[in-house]
Amino acid sequence: MTDVAPDEVRLAAEIERLKAEFPKTRELYREVCALMFFRYGITPTANRLYQLVRRGSMSTPTAVLSEFWATLREKSRVRIEHADLPEELQGAAGELMGALWTRATAAAQASLEALRLEVEAARRAAEGATAAVRADLGHTEVALEQRTAALLTAQVRIQELEQAQAAAVATRGALEAQLERAREAGRERETALNQARADFAAERDKLRASAELAQAEAQRAVRSEESARAEIQALQAQMGDLRHQVGMLEGRLDALRSTRDQVRERQNAPAKPLRAARKTVPKT
């Protein structure tokens, strides 16, 4: 930690007290000049005054310092001219005050020049920083515009994708409903086909039983001679009718099998709408 000189600490404390006692800026600078020169033996400069007080513009401590030296010179001249001193000492005192004034003025001018250079350097640095900030701001604005355009494009694309997704969901729902209807129709046709098979099997059994019975009766009729010929002819005619009915039933069975095969083929292709091919089965 840097050690601070005790005089600097006391000087800073005195200046803080003077700030509360002298609210006007020029009066405060004048009191600080007197404090530094008379109490602490420090030659005040404009730069040093501004660093300690930090009030007003940079021209204020310069003007107050000039007034301070002018006042000090006038008071010293009066005191020397009216003092009870030999003429040689008065001349030496005048030369001493002149030298002090020259040194103080030179120090003040040097301080003012240093302060001016410092302010100029700070101004140039501020201008450079301002230019850099403006350039960064321009780049940032361009980047912001680009990102805004990209964001708008992304939002439009998102809306398009959402609309496409909604349309796809609706289409999928319609296709699933259509597929379910086709499956239901297939199940109904399968049930009808099974019932037709059962009916055909029962009818076939009946016909077979009738044919067997007719054949047995025919065989019994053969044993009968002429009295049974008429009955045999009738039974043979009945046999012909029964054979015809059997042929019709077999054709019906073939048609039902073809319908069943078509239904199965349509069920194996779910993406296409199923159209039922209904055929009317003739009743016996």
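General observations
- The residues of the stretch 195-224 that are modelled with pLDDT of 85 or more, within 23 Å of Arg266 (Cβ to Cβ) and surrounded by 12 or more Cβ atoms within 10 Å (Cβ to Cβ) amount to a single one, Arg197.
- The selection criterion, being within 20 Å of Ala202 (Cα to Cα), at pLDDT below 90 and exposed (fewer than 10 other Cβ atoms within 10 Å of the Cβ), holds for Thr280.
- Criterion (hydrophobic (A, V, I, L, M, F, W, C) and under 16 Å from Glu250 (Cα atoms)) met by exactly one of Ala218, Ala237, Ala230, Ala196: Ala196
- Test: residue in the stretch 225-243 that is surrounded by 11 or more Cβ atoms within 10 Å (Cβ to Cβ) and touching a residue at least 40 places away in the same chain (Cβ under 8 Å): no
- The stretch 169-180, subset under 21 Å from Val263 (Cα atoms) and without any contact (Cβ under 8 Å) to a residue 12 or more places away in the chain, residue nearest to the chain's Cα centre (by Cα): Glu176
The values are calculated or read from the model by the stated rules, or taken from the named source; none is laboratory data. Quick caveat, the model's predicted, so the values are computed rather than measured. We place every Cβ from the backbone using ideal geometry, glycine too, and count neighbours over all the protein chains shown.
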